[in-house]
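Take a look at the structure set out below.
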Ligand code: 1GP
């Protein structure tokens, strides 16, 4: 599993990784070569592609176009099973572990199987944990679940560790796209201390300072979407 190995070995060596998240719904295909140049300038390790509301077929043509413009690995971060496409390199096979909605714990995953059985995608089992980012993010609206409060570190840690015991290869702490409050550093460091698999953190990270603090506290891979989209993130 080349992508997972890359993340695992970076995590072991303490090397920090960056992913830029693109929402096919918000980025126009005409801008792709320009977007790719900006991503390459940031030296991002991955391009994540996904969104909460994307029409059928839009992700596939978007990723195809991306693929033609860059060699950076493309990883699907799908809002639902219809967003899965072979033009990408890998797939975060997400289970929303913080929620109690079976649709996002197992139903969507089952619906993806007919496609995935014949797919070339690297499938990466990922425990997805929503932390309250102070906004009614689209992932909350779509999943109809309650996020874990920032103060409830114990619950966040137990959820992450349960995910690891269930065999997830990555844990993703998510404050929600455009979150007012990113995942707090104490929570990141406590989760990190308690798991032996790589940790992804995203949602509401807008500055180099926040990025570096997330890394310092134990994030192995940070995901930036909104700030990149708004051209607010230059990592200088
Ligand atoms: C959202 O974690 C990602 O799923 C990134 O969030 O858009 O706030 O950067 P932002």
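Throughout, read-outs are computed from the coordinates displayed, never taken from laboratory work. Quantities reported herein were computed from a predicted structural model and do not represent experimental measurements. Note: ideal-geometry Cβ built from the backbone for every residue, glycine included; neighbour counts use all protein chains shown.
Which whole-number percent is the relative contact order of the chain (Cα, under 8 Å, 6+ apart)?
Working: 480 pairs, mean separation 42.7, N = 236.
Value for the chain: 18 percent.
Fewest neighbouring Cβ atoms within 10 Å first, the residues 220, 80 line up as 80, 220.
Packing here is the average count of other Cβ atoms within 10 Å per residue, and on that basis the peptides 195-205, 135-145, highest first, run 195-205, 135-145. Taking other C-beta atoms within 10 Å as the exposure proxy, 87, 128, 165 rank 165, 87, 128 from fewest upward.
At a 10 Å Cβ-Cβ cut-off, how would you order 120, 159, 146, fewest neighbours first?
Fewest-to-most ranking of 120, 159, 146: 120, 146, 159.
Residues of region 167-202 with amide nitrogen under 18 Å from the 7 Å Cα-to-Cβ point of residue 161? Those under the cut-off are 167-173, 186-199.
Under 1.5 on a/c is rounded, so check that first for the chain, then, if it is not, pick prolate when a/b is larger than b/c and oblate when it is not; a ≥ b ≥ c are the square roots of the alpha carbon gyration tensor eigenvalues. Judged from the Cα gyration tensor, the chain comes out rounded (a/c under 1.5).
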